[in-house]
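The values are calculated or read from the model by the stated rules, or taken from the named source; none is laboratory data. What you see is a predicted model; the values in this text were computed from it and never measured. Every residue, glycine among them, receives a Cβ derived from its backbone with ideal geometry; neighbour counts consider all protein chains shown.
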């Protein structure tokens, strides 16, 4: 398995984000319990808000497919996302 860092940039529709946040967190939480997500949480910079999600998957397509049913994604509340492979060499997530 490879590790990927996926970033989300959220819509400015805070009411819709608030409405769908419980389902979004439940979805990601289930993936964490299954071991596919190592960590997830909000990020912000200036007036941008979004998330950083660290996942384990076979390849980039599989990493994005894990998040294809995320309620935020399905509701169009993620206006941009990016994925990069992350080669972890130090720390508890490093693979030998």
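Summary of values
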item: Neighbours by Cβ (under 9 Å, 6+ apart or cross-chain): first from segment 13-42, over 17 Å from residue 66 (Cα atoms); second loosely packed, with under 12 Cβ neighbours inside 10 Å and modelled with pLDDT of 95 or more; result: 13/76; 16/76
item: Meets criteria (in contact with a helix residue (DSSP H, G or I) (Cβ under 6 Å, 6 or more places away or on another chain) and at pLDDT 95 or above) for residue 23; result: yes
item: Meets criteria (in a strand (DSSP E or B) and out of contact with any strand residue (DSSP E or B) (no Cβ under 7 Å at 6 or more places or on another chain)) for residue 49; result: no
item: Failed item, numbered, when residue 52 is tested on (1) within 11 Å of the chain's Cα centre (by Cα); (2) surrounded by 12 or more Cβ atoms within 10 Å (Cβ to Cβ); (3) without any contact (Cβ under 8 Å) to a residue 24 or more places away in the chain; result: (3)
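Residue by residue, here is whether (1) surrounded by fewer than 13 Cβ atoms within 10 Å (Cβ to Cβ); (2) under 18 Å from residue 2 (Cβ atoms); (3) within 13 Å of the chain's Cα centre (by Cα) holds:
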{"residue": "18", "(1), (2), (3)": "yes, no, no"}
{"residue": "22", "(1), (2), (3)": "yes, no, no"}
{"residue": "31", "(1), (2), (3)": "no, yes, yes"}
{"residue": "34", "(1), (2), (3)": "yes, yes, no"}
{"residue": "42", "(1), (2), (3)": "yes, no, yes"}
{"residue": "57", "(1), (2), (3)": "no, yes, yes"}
{"residue": "61", "(1), (2), (3)": "yes, yes, no"}
{"residue": "70", "(1), (2), (3)": "no, no, yes"}
{"residue": "76", "(1), (2), (3)": "yes, no, no"}
